[in-house]
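First comes the structure, then the notes that go with it.
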Amino acid sequence: MTAPDVDVVVVGGGPAGACAAMVAARAGLDVVLLERGPFPGSKNMYGGVVYPRILDTLIPEWWLEAPVQRWVTRRSTMLLTETQAVTIDFRTEAWGAPPYNGATAYRPDWDHWLAGHAQAAGAQLITDTTVIGLIRDEHGAVVGVRTDRPDGDLRARVVIACDGVNSFLAKEAGLYEHTDAKHYTLGVKETLALPKETIDERFAVRDRHGVDIEIIGATGSVNGGGFLYTNLDTIAVGVVLKLPKLAAQAQRPEAIIAKMKQHPAIAPLVQGGELKEYSAHLIPEAGLTMMPKMVMDGMLVAGDAAALCLAAGIWLEGVNFAMASGMYAGEAAAEAVRGGDVTANGLQGYQRRLSDTFVLKDHRKLHRAPELVLSDRVQHLYPGMVANVVERMFRVDNPEPKPGLRRIVTQERQRAGVRRRDLLRDGWTGFRSFG
Amino acid sequence: MSIVVCLKWVSHPGEPHDSRFSGMSHADQSALEFALQQAESTGATVTAITVGPPGAEKVLRDALACGAHHAVRIEGPTTTSGTDVATAIADHITDARWVWCGDYSLDRGAGSVPAFIAAHLNAQQALGIIHASIEGDAVHATRRLDGGRRELLEVTAPAVVSVEGATARLRRATLAAVRAAASATIPVVSATTPMHRAEFMVRPYRPRARVLPAPEGATALERLRVLTDAAAASAARGDTVRLEPADAAARIVRALREWGYLAH
Amino acid sequence: MGRSAQRPPNLAPMIAVVVVRGGALPSGGDETVAECGGRAIVVGSGTALAVEALAGIATELTLLELEHFQPAAWAAALQPLVQHEPAVVMPGSPDGRDLAPRLASLLHRPLFAGAVTVTAHRVELARKGGTEIHIANPGPEFVATLQPGVRGVVPAASWPAVVVTHAEVPLRASGPAVDAAVLAVLPPDPATIDLAEAPRIVGGGAGLDRPERMEQLSRIGGHLGASMGATRVITDRGWVPHERQIGTTGVVVDPRLYVAFGVSGAVQHTSGLGNPDHIISVNTDGHCPMMQLADLAIVSDANATLDHLERLLADESLA
Ligand SMILES: Cc1cc2nc3c(=O)[nH]c(=O)nc-3n(C[C@H](O)[C@H](O)[C@H](O)COP(=O)(O)OP(=O)(O)OC[C@H]3O[C@@H](n4cnc5c(N)ncnc54)[C@H](O)[C@@H]3O)c2cc1C
Ligand SMILES: Cc1cc2nc3c(=O)[nH]c(=O)nc-3n(C[C@H](O)[C@H](O)[C@H](O)COP(=O)(O)OP(=O)(O)OC[C@H]3O[C@@H](n4cnc5c(N)ncnc54)[C@H](O)[C@@H]3O)c2cc1C
Ligand SMILES: Nc1ncnc2c1ncn2[C@@H]1O[C@H](COP(=O)(O)O)[C@@H](O)[C@H]1O
């Protein structure tokens, strides 16, 4: 058998790969990080908010150096109908000071920065290099990767697959049982340029403070959700769309964004923004339902490649799950290499770490959330029902006396055609997930 | 040192100047490919050379990964004049037989460095070449002339050849070579004559006012109207029509005939 | 020896050096002479013909008749003619751009290449792919090249007679050849003609649905006597080589007719488009900049339109 060239090959320079390489290199291993783009993050897209607290241990006081656009100090959730909007708006100054909570950031900045830390730790970053296959030994164990470069084989004791959604490596290794279009959503995003002062004014924030808005009911007949985030001098507006629905309705995602941007509650926020960029990407959205096996002889799978993105319907957290799982994969790989056992058994430390931490705990907790949030009732019936209830509560119909809330709710529920039983059940699912 | 390739570390226009968006231009990549091919066919060695700060070593490592035998960085600022760059390079490669360059650098974009090197070395030059073939000890190069004409040159050493970006496609480096180049030590030398940072006032590009024929019109006021195009200054320049493709094609043909591009 | 060497100091301080081939002026030749106030050295073959071409622009011409273009040897021949001229300006044509650095090097002067404006005290240079202008005081003595097409020139109807001098400078004969040997000069090939010089262009953008569309566009161009060009999106896709890219980081063109299919008209594209007499744009979006610029803006599917157009044009002939 040919000797390995390196201890660990990490495939993919996204947040998962960078953290895996960083941790393995810091543990003293010989690590190569392979990225197909010209630099980490060059083509990577996402909505725009990261929750970096997992970095507290990896990069102490990361907030002093992280390439952040704005600190999220305001989070809103909007329910829209054609003409109405109900918004739950929360703001706190606490999230605008260390250790912070969420931040908006550009992926070409963020991923490049993280990978820089992996390099500083001694990992060798090789860009413009695509992995096109796994090298396996006669027992099926992974012993390296094949790249698109001439003489492009690289043998390693452990391969960590961090190649993102639809992971080619995990699939080639047979770790996914089945993949189904209904487990994915399509994320589509526009970046619009506006002067910083205009953004500050429209979103009522100052300095480096920013806003994160999630929107239900803005995607028309396609189930999904919308989002709107503030960067320093751009805003990100996008939608996340349920794939089978999208295909069935034969609607173009850009048309759905365009319509959302015309909504009376959204239009004033985005007006005059100059389109800088348009991008689209798949999101693994079914969580536990679709997760592959993450450990096999010689290989670990982390981040989106392992479907670890937490898509609680429209509240997407993927980067933090990617960073955390990458970090645990790096630790487990180091443990296995040092222990001289890189079989699935020797690499089990990874699975254990995932189970013991928020990575899988949050997934278990929010297991049913995506289904609920993207269900027809939540998508097409509840926004109108809620908006009508609120409208009637706040409407002053003198000389008519004010009606009781209970009556309004019952009337509006019946008007929307929602059965009481379903409403209670959805409420309970929601409470168990988010409560 | 028989074959030299001059590589400039540039960032792409419109992108921030940082390591992510910088590297070799397409033109310099073509130059490197020719240098490597020439080395293969003649058995000579290739030295990649750059004038720039430490960050510029990126292009030298890329060259080493692709097969260049040696690399040298001449310490210097990113914004030296073409003359200074050429002098610094020429002073270090006095025994070079062949010097390959890109036709223009993306930032300075003057295309003068190769000719200055040729002048310094008292060498032949073939600049802005759009096609080159290595013929034994010579290079046959096609150069653009005005009016779409071409000049076919036979170039013999010592010579400087600068090539356009689309003339050759740089080979892919092997994985092992990329890894080795990443940790290679790059010799750094200082320029023999001091280099000057080029000082310029910079403003965004605006086209210069062009000299146009005098406007028609009997009175000064009429001429002024014609010049300022007061009547035609509305938003769109012509008609916008919504047509089915078949009608669109017919409409195009009609317009081309009306404007005299097609016979009646 | 030309009389410029003894020129009294109160005359216009700039002189143009223009390379002619068979009497034909290079692109930007007339503009460069105008930029220098009418004073020029015309070097090359058929210089006498160039005197006519510069009527109404030139005031004072020195002619130096030399046969084959050889940048190093010609620079040596020109050196005595210009060494007392503080400012020497050449058009940024292929020959000017080859000759200028050699001459600057012999004269030990700075070269300001790719200028959009040159005066004795100020040069403005287009840099960074034409997105920036760099302005400098060139110092007392310098050589510059002027970008063709930036200035424009209109010959004056009434103009004093041109003073013409003939210079005799022998070419350095001995020693090893410092210039490459010219094997042939090839006439323009309409299929490969430089876009920059094409009088008619059909352009394709991201609205086209597959690579074969570019070949179709070339065939349609063939019917119209037009060259095929593309946006950067198309060249990035690898559908056509980079030399077909129109725009600031591609080729700067100046056609009379531009027909755009599925091109949005981004500024980096249109700023390289010159000033066509006629523009046709076919786009599904009636409001994009290319449609605003067009004389005939057609909202339609570009791909299907190309299919119909190719059939229609089969029966047409060029005007
Ligand atoms: C529209 C949208 C909005 C989102 N919004 C948010 C949000 O607001 N907040 C949040 O936290 N998350 C969000 N996410 C999810 C988040 O983007 C992902 O969960 C996260 O990027 C996963 O990181 P990763 O490192 O696993 O994969 P990726 O970021 O996808 O990185 C994979 C890397 O591998 C490289 N690669 C792939 N294949 C190969 C190969 N064969 N060879 C070499 N390299 C390869 C890629 O180039 C890439 O750099 C969003 C996602 C989408 C699509
Ligand atoms: C520094 C820099 C330099 C650049 N240099 C250049 C350059 O030199 N040249 C250049 O071209 N670009 C250049 N660009 C890129 C430029 O900004 C634009 O991105 C590019 O010109 C857009 O090309 P496009 O019109 O083909 O594509 P798009 O902008 O994507 O437009 C496609 C158009 O096709 C239309 N369309 C879609 N489908 C159809 C259909 N079926 N039928 C008809 N129309 C349809 C759309 O409505 C749209 O208007 C540069 C950019 C930068 C940042
Ligand atoms: N600083 C530099 N270092 C190495 N080569 C250079 C440098 N500047 C210019 N060149 C070479 O000269 C060519 C033309 O550049 P320029 O004359 O700057 O337009 C480039 O494509 C390079 O091959």
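The values are calculated or read from the model by the stated rules, or taken from the named source; none is laboratory data. The model shown is predicted, which means the values in this text are computed figures rather than measured ones. Please note: Cβ atoms are built from the backbone with ideal geometry, for glycine as well, and neighbour counts cover all protein chains shown. Each accessible area value is taken on the protein alone, full model and side chains, heavy atoms only, with ligands, DNA and RNA left out. Shrake-Rupley method; radii C 1.70, N 1.55, O 1.52, S 1.80 Å.
Taking the Cα atoms only, what angle lies between the long axis of helix A:420-434 and the longest principal axis of chain A, rounded to 10 degrees?
The helix A:420-434 is inclined about 40 degrees to chain A.
Based on DSSP, what percent of beta bridges with both residues in chain A are antiparallel, to the nearest 5?
If we restrict to bridges inside chain A, about 70 percent are antiparallel.
Express as a percent, rounded to the nearest 5, the fraction of DSSP beta bridges in chain C (both residues included) that run antiparallel.
If I count the DSSP bridges inside chain C, around 20 percent turn out antiparallel.
For chain C, modelled as a Gaussian network with Cα springs under 10 Å, which listed residue fluctuates most, C:G238, C:G29, C:G272?
The residue that fluctuates most here is C:G238.
For A:K242, A:K171, write out the residues from largest to smallest accessible area, computed with a 1.4 angstrom probe and no ligands counted.
A:K171, A:K242
Provide a whole-number value for the mean count of partner chain Cβ atoms within 10 Å of the Cβ atoms in peptide B:253-260.
The shielding value for this peptide is 6.
Can you tell me the orientation of helix C:212-224 relative to chain C, as the angle in degrees between its alpha-carbon axis and the longest Cα principal axis, to the nearest 10?
Helix C:212-224 sits at roughly 70 degrees to that axis.
What is the angle, in °, between the Cα long axis of helix A:382-394 and the longest principal axis of the Cα atoms in chain A? Nearest 10 is fine, range 0 to 90.
With rounding to tens, the tilt is 40 degrees.
Expressed as a fraction of 2.2 N^0.38 Å, the rule-of-thumb size for a compact globular protein of N residues, what is the C-alpha radius of gyration of segment C:195-318?
0.93
Comparing A:I213, A:I160, A:I132, which has the greatest mean-square fluctuation in the GNM of chain A with Cα pairs linked when under 10 Å apart?
A:I132
Mind pulling up the Rg/Rh value for segment C:97-136? Radius of gyration and Kirkwood radius, both on Cα.
In segment C:97-136, Rg relative to Rh is 1.01.
Assuming 1.567 mPa s and 4 °C, estimate D for segment C:14-167 with Stokes-Einstein, Rh taken as the Kirkwood radius over Cα pairs, in µm²/s.
On the way: Rh = 15.2 Å.
So the translational diffusion coefficient is about 85 µm²/s.
Between segment B:24-42 and segment C:239-292, how far is it from one alpha carbon centroid to the other, in angstrom?
32 Å
For segment C:292-316, list residues with backbone N below 15 Å from a point placed 7 Å from the Cα of B:E244 toward its Cβ?
C:300-301, C:304-305, C:308-309
How big is the Kirkwood radius of chain C, worked out from every pair of different alpha carbons and given in Å to one decimal?
One over the average 1/r among Cα pairs gives 21.5 Å for chain C.
Roughly how much of B:S190 is accessible, in Å² to the nearest 10, using a 1.4 Å probe?
Counting only protein heavy atoms, B:S190 exposes about 80 Å² to solvent.
Past the 13 angstrom mark, what percentage of all C-alpha to C-alpha distances in segment A:375-434 do you count?
More than 13 Å apart: 64 percent of the Cα pairs in segment A:375-434.
How would B:L32, C:L312 rank on accessible area, largest to smallest, probe 1.4 Å?
Reading off the accessible areas and sorting them downward yields C:L312, B:L32.
Apply the a/c threshold of 1.5 to the C-alpha gyration tensor of segment C:274-319 and tell me whether it is rounded, prolate or oblate.
oblate
For peptide C:91-99, what's the mean number of Cβ atoms from other chains within 10 Å of each residue's Cβ?
Taking all residues of C:91-99 together, the mean is 4.
Partner chain Cβ atoms within 10 Å, averaged over the residues of C:132-138 - can you pull that number for me?
On the way: counts 8, 9, 8, 4, 5, 3, 0.
Mean partner-chain Cβ count within 10 Å for C:132-138: 5.
Within the protein assembly as shown, what percent of beta bridges assigned by DSSP are antiparallel, to the nearest 5?
Given both bridge residues lie in the protein assembly as shown, the antiparallel proportion sits at roughly 50 percent.
Relative contact order, percent, of chain C when contacts are C-alpha pairs under 8 Å separated by at least 6 residues?
Numbers: 682 pairs, mean separation 43.0, N = 319.
13 percent.
Please say if segment C:211-266 is rounded, prolate or oblate, where rounded means a/c under 1.5 for a ≥ b ≥ c the square roots of the C-alpha gyration tensor eigenvalues, and otherwise the choice is prolate for a/b larger than b/c and oblate otherwise?
oblate
Can you give me the C-alpha center-to-center distance between segment C:143-160 and segment B:115-175, rounded to a whole angstrom?
31 Å
Does segment B:3-190 come out rounded, prolate or oblate, given a ≥ b ≥ c as the square roots of the eigenvalues of its C-alpha gyration tensor, rounded meaning a/c under 1.5 and, failing that, prolate meaning a/b above b/c? Show your work: numbers first, answer last.
Numbers: a/c = 1.42, a/b = 1.27, b/c = 1.12.
Note, shape of segment B:3-190 comes out rounded.
Could you state how much accessible area A:D356 has, in square angstrom rounded to the nearest 10, with a 1.4 Å probe and all protein chains kept in place?
100 Å²
Please report, for the Cα atoms of the protein assembly as shown, the Rg to one decimal and the Dmax as a whole number; what are they, in angstrom?
Calculated on Cα positions, Rg and Dmax stand at 33.3, 112 Å.
Pull up all non-local amide H partners of C:S264: gap of 5 or more, or a different chain, and H-to-H distance under 5 Å with H placed in the peptide plane.
Here the answer is C:A206, since their amide H atoms fall under 5 Å of that of C:S264.
Near the amide H of A:M299, under 5 Å away, which other amide H atoms are found, from residues 5 or more places off or on another chain, if H is placed in the peptide plane?
For A:M299, the qualifying residues are A:V142, A:V159.
Among C:S105, C:S264, what's the order by accessible area (1.4 angstrom probe), most exposed first?
C:S264, C:S105
Name the residue, out of A:A311, A:A248, A:A20, whose mean-square fluctuation peaks in a Gaussian network model built on chain A with Cα pairs under 10 Å.
Maximum fluctuation in the GNM of chain A, among the listed residues, is at A:A248.
Using the alpha carbon gyration tensor of segment A:182-284, what are the three equivalent-ellipsoid semi-axes (square root of 5 times each eigenvalue), largest first, in whole Å?
Value: 26, 13, 12 Å, ordered largest first.
To the nearest 10 square angstrom, what accessible area does C:V182 show with a 1.4 Å probe?
The value for C:V182 is about 60 Å².
Got a sec to turn the phi values of segment A:360-371 into Karplus ³J(HN,Hα) couplings, 6.51 cos²θ - 1.76 cosθ + 1.60 with θ = phi - 60°, whole Hz, x for Gly and Pro?
Result, rounded to whole Hz: 8, 4, 5, 5, 5, 5, 9, 3, 8, 4, x, 4.
By how many nm would the segment from A:A255 to A:R206 grow when fully extended, if each residue of separation counts as 0.36 nm and the alpha-carbon distance is taken off?
So the extension gain works out to 14.4 nm.
May I ask for log10 I(q)/I(0) of chain A at q = 0.06, 0.10, 0.13 Å⁻¹, from a Debye sum over the Cα atoms as equal point scatterers with solvent left out?
-0.27, -0.72, -1.13
What does the helix-only formula give at 222 nm for chain C: each DSSP H stretch with n ≥ 4 adding -39500 (n - 2.57), the total divided by the residues, and the result rounded to the nearest 500 deg cm²/dmol?
Here the helix-only value at 222 nm equals -7000 deg cm²/dmol.
What residues from segment A:236-252 fall in the zone where the backbone N is under 13 Å from a label point 7 Å along the Cα-to-C-beta line of A:D180?
A:244
Just report the Cα centroid separation between segment A:267-308 and segment A:309-376, whole Å.
If we compute the Cα centre of each part, the gap is 14 Å.
Using only DSSP helix segments of four residues or longer, with each worth -39500 (n - 2.57), what per-residue ellipticity at 222 nm results for chain A after dividing by its residue count and rounding to 500? Walk me through the numbers before you get to the answer.
Numbers: 15 runs with 145 residues, N = 435.
So the calculated ellipticity at 222 nm is -9500 deg cm²/dmol.
Per residue, how big is the convex hull of segment B:106-171 when only Cα atoms are used? Give it in Å³.
Hull volume over Cα atoms, normalised by residue count, gives 110 Å³.
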